[in-house]
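Visitor: A single structure is presented below for examination.
The values are calculated or read from the model by the stated rules, or taken from the named source; none is laboratory data. Because the structure is a prediction, the values reported are computed rather than measured. Glycine also receives a Cβ, built like all others from the backbone with ideal geometry; neighbour counts cover every protein chain displayed. Each accessible area value is taken on the protein alone, full model and side chains, heavy atoms only, with ligands, DNA and RNA left out. Shrake-Rupley method; radii C 1.70, N 1.55, O 1.52, S 1.80 Å.
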Amino acid sequence: MTAVEGQQPGAADAAVVRPGAEEDVRSLFGQSTAVFASLAGPTHVVQSANEAFLAALGEHRAGTGMPLAELMPELAGQGFITLLDQVYRTGEPYTGRDVRVVLGTGAHAREAFFDFTYEPRRDASGAVVGIRVIGLETTQVKHAQRLMAEHRALVEQIARQAPLAEVLDGMARCIEQLAPEELLVSVLLADPDGRHLRHGAAPSLPDFYNQAIDGIATGEGVGSCGTAAHRREPVVVTDIATDPFWTDFRPLAERAGLGACWSTPILGRDGSLLGTFAVYHRTPRVPQDADLALARVFTGTAALAIERHHIEQAEAAADARARAAHDELARVVRAERELRAEAEQRAAAAAELTARVRAAAATLAATPHPEQCQLGGTGGCPAAAEIKIADSWGDSAWGCPIHVEEAILNVRSVFIASEELGGLAAYLNR
């Protein structure tokens, strides 16, 4: 970790700074271990070695009095025995920095990194009789540097507003790939009510397992994650097979091949529950300080990503409501304009019709007055014609009061045209 003079931390960096963050970083880097061995002769027989060197060999083959190539045959294929031969032959020391080496084979193989020096050992005459191997294992430092680089990339990804699912999946994969031993990462997201946990990311857990725990309730004794969410504090289950928190989920965990689960709640800046960050192991396992620091660092990153996602969701919902309100207002305005235009058209048509009716009534008023009712049908009506009626089409007739009333009741377009009997006013007001 190097500070560049004059360089200020970015907004994304400041967003994840919290109390204890520096201690977590130091825990991730851990304590490097020095190794020492004294080798003799051209076959590099291990005469003596410290505990760190023997631990690197592995308990199943640690010992002295044997050539190094026999104790650690995997070194030959990686060029280390050749380098020892060179130093023994030339008497010139050799130094390597941050050198990668695979220790062990098969299921016992592990990746390690060392800074080391091969120094020739000489007798009284100056002849090379052996080699001292002095080294410092930097595996934890190397892995922590990788993790912190990935962490920075994730924070930058969050700042670019990458989708939440993409950020969480990438975070889980990077931790799984860079951790020294096999582990499986799961992120669950809290429902808005904080009572249930939903699947967020778990790229290495089986689908049936993810589906089974999707929607689990938060509560005391509900596995590691449900309990951690309920307590708002980390819950470490070192052995799923015996822990009471896993009673209801033990068959599921056994089917998925899970032996331990350490869960940390993901909390917002206001203390609200955002979800859980869980690390699974295949076998029972007790977490070390570096494991807990790793969980805290990436739980903070997950919180940043989830809160950013919630903000984006709220902004999108507000924008959607604003657009909907704008669209509704536009629709109401259009409807009001259409109704106004239609009302104006109807008013104009009514005014025109009224004018035509008035003109027709004035014309028909001068028509000669017959003596008998003209509304009696084919049989005729002998009653006197007393009232003149007309319709909006200009047709008119004279009739008796009985037949005129019948016409007005049954033909809506008929009106009284006799001016002395109310004329058009009677029609308009009826």
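Visitor: Kindly evaluate Val129 against the criterion of being aliphatic (A, V, I, L, M) and in contact (Cβ under 8 Å) with a residue 24 or more places away in the chain.
Guide: So Val129 fits the description; yes.
Visitor: Restricting attention to the stretch 198-244, report how many residues are part of a loop (DSSP other than H, G, I, E, B) and either β-branched (Val, Ile, Thr) or free of Cβ contacts under 8 Å to residues at least 40 places away in the same chain (or both).
Guide: Of the residues in that region, 15 qualify.
Visitor: Please find, among Arg296, Arg334, Arg308, Arg346, the residue that is open to solvent by 50 Å² or more (accessible area, probe 1.4 Å), within 19 Å of Arg198 (Cα to Cα) and assigned to a helix (DSSP H, G or I).
Guide: Result of the check over Arg296, Arg334, Arg308, Arg346: Arg308.
Visitor: Does the stretch 245-287 hold any residues that are surrounded by fewer than 17 Cβ atoms within 10 Å (Cβ to Cβ), out of contact with any Asp or Glu (no Cβ under 8 Å at 6 or more places or on another chain) and either among the hydrophobic types (A, V, I, L, M, F, W, C) or touching a residue at least 24 places away in the same chain (Cβ under 8 Å) (or both), and which are they?
Guide: Thr247, Asp248, Arg255, Gly257, Gly271, Ser272, Thr283, Val286
Visitor: Using the structure shown, decide if Asp123 is among the acidic types (Asp, Glu) and within 28 Å of Ala144 (Cβ to Cβ).
Guide: Taking the combined requirement at face value, the residue does not satisfy it.
Visitor: Inspect the stretch 318-337 for any residue being within 30 Å of Pro265 (Cβ to Cβ) and in contact (Cβ under 8 Å) with a residue 24 or more places away in the chain and give the result as yes or no.
Guide: no
Visitor: Please go through the stretch 52-84 and give me each residue that is in a loop (DSSP other than H, G, I, E, B), open to solvent by 30 Å² or more (accessible area, probe 1.4 Å) and modelled with pLDDT under 85, ordered by number.
Guide: Glu59, His60, Arg61, Ala62, Thr64, Gly65
Visitor: Now for a different question. Quick check on this structure: which one of Thr95, Thr90, Thr105 is of a type in the set (Val, Ile, Thr) and either modelled with pLDDT under 85 or touching an Asp or Glu at 6+ places or on another chain (Cβ under 6 Å) (or both)?
Guide: The unique qualifying residue is Thr105.
Visitor: Something else about it: If you go through the stretch 170-199 one residue at a time, how many are open to solvent by 20 Å² or more (accessible area, probe 1.4 Å) and within 20 Å of Leu258 (Cα to Cα)?
Guide: 9
Visitor: For His230, only one of the following conditions fails: (1) of a type outside the set (Gly, Ala, Ser); (2) within 19 Å of Leu168 (Cα to Cα); (3) open to solvent by 30 Å² or more (accessible area, probe 1.4 Å); (4) touching an Asp or Glu at 6+ places or on another chain (Cβ under 6 Å). What is its number?
Guide: (2)
Visitor: Now for a different question. So for the stretch 97-109 (the condition being charged (D, E, K, R), open to solvent by 40 Å² or more (accessible area, probe 1.4 Å) and without any contact (Cβ under 8 Å) to a residue 12 or more places away in the chain), does at least one residue qualify?
Guide: No - not one qualifying residue is present in the stretch 97-109.
Visitor: Output yes when any residue across the stretch 356-368 is open to solvent by less than 80 Å² (accessible area, probe 1.4 Å) and modelled with pLDDT of 85 or more, and no when none is.
Guide: No, the stretch 356-368 has no match at all.
Visitor: Return yes or no: is Ile81 out of contact with any strand residue (DSSP E or B) (no Cβ under 6 Å at 6 or more places or on another chain) and either farther than 16 Å from His44 by Cβ or of a type in the set (Phe, Trp, Tyr) (or both)?
Guide: no
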